[in-house]
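Here is the structure we will look at, set down as structure tokens.
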Amino acid sequence: MIKYIYIFSLICVVLTSQAQGLSVTFNKTETECKLAEASVSVITAALPVHYGWSTGAITSSIGQLEDGVYSVKVTDDLNNDTTIDFIIYNPICEPNPASGFTPNYDGIYDTWSIGRIENFPEFDLYVYNRWGQLVHHQTSTYIPWDGRSLGIPLPDATYYYILYFSQTDKNKFVKGAVSILR
């Protein structure tokens with residue numbers, strides 16, 4: 001029996017296998033912005049149980065799994081065994097900039113938020129006006145932008161951003177538009 005559980009960006013798969021008096025429950029967890037984990041739990045009267053993962057690990061659980069095909073072989077003390085093959089698909093992790101904000105100082109959406117930016121500690125952010133003039137720039141530590149440039153509030157308009165995931169690798173980025181509405 002396979003169950004898929006979706007909770008936001010979390011994917012859990014539970015699989016139970018029974019063979020030769022050996023009951024094995026397999027679990028894998030794939031979470032956005034983190035490497036996957038997998039584990040097995042075993043019910044058998046023939047202890048001890050031995051684990052052999054395709055990664056070389058010999059424990060009941062493993063982590064730091066990148067995308068790929070894996071397997072685990074579980075053997076009890078009577079040489080009853082079962083092998084479970086599985087695939088890891090780590091969900092894509094990208095920053096998620098809001099499409100707009102309202103810096104009118106009412107305490108609601110007064111700054112521009114960028115979700116998951118904490119996963120990119122070396123980011124490089126540029127915001128331009130419609131004429132291509134740089135109006136905002138920041139790196140490494142995200143401070144929510146309040147819609148000002150050089151301390152002066154910018155007019156209501158659409159601005160264009162490019163957010164590089166890393167200051168040294170300009171090949172990975174997201175770009176788009178952000179609107180200021182007061």
note = His50 passes all but one of the listed conditions (1) in contact with a Pro (Cβ under 7 Å, 6 or more places away or on another chain); (2) surrounded by fewer than 17 Cβ atoms within 10 Å (Cβ to Cβ); the exception is number (1)
remark   = When (1) surrounded by 13 or more Cβ atoms within 10 Å (Cβ to Cβ); (2) farther than 30 Å from Ala57 by Cβ are applied to Asn119, the one that fails is (2)
ask   = Where residues in the range 89-107 are touching a residue at least 24 places away in the same chain (Cβ under 8 Å) and under 13 Å from the mean Cα position of the chain (by Cα), which of them is surrounded by the fewest Cβ atoms within 10 Å (Cβ to Cβ)?
value = Ile92
query = Would you pick out the residues in the range 19-47 that are at pLDDT 65 or above, more than 18 Å from Thr59 (Cα to Cα) and out of contact with any Leu (no Cβ under 6 Å at 6 or more places or on another chain)?
reply = Gln20, Gly21, Glu30, Glu32, Cys33, Lys34, Ala45
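Residues of the range 137-166 being under 19 Å from Arg116 (Cβ atoms) and surrounded by 12 or more Cβ atoms within 10 Å (Cβ to Cβ), which ones?
Residues satisfying the conditions are Gln138, Thr139, Tyr142, Pro144, Trp145, Tyr161, Ile162, Leu163, Tyr164, Phe165, Ser166.
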task = Test Ser39 against the stated conditions and say whether it is within 30 Å of Asn119 (Cα to Cα) and either loosely packed, with under 15 Cβ neighbours inside 10 Å or of a type in the set (S, T, N, Q) (or both).
result = yes
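Residue-wise test of (1) surrounded by 18 or more Cβ atoms within 10 Å (Cβ to Cβ); (2) in contact (Cβ under 8 Å) with a residue 12 or more places away in the chain.
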position: Ala45; (1), (2): no, yes
position: Ala57; (1), (2): no, no
position: Ile62; (1), (2): yes, yes
position: Ser71; (1), (2): no, yes
position: Asn80; (1), (2): no, yes
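The values are calculated or read from the model by the stated rules, or taken from the named source; none is laboratory data. All values derive from a computational prediction rather than experimental measurement. Positions of Cβ are backbone-derived with ideal geometry, glycine not excepted, and every protein chain shown enters the neighbour counts.
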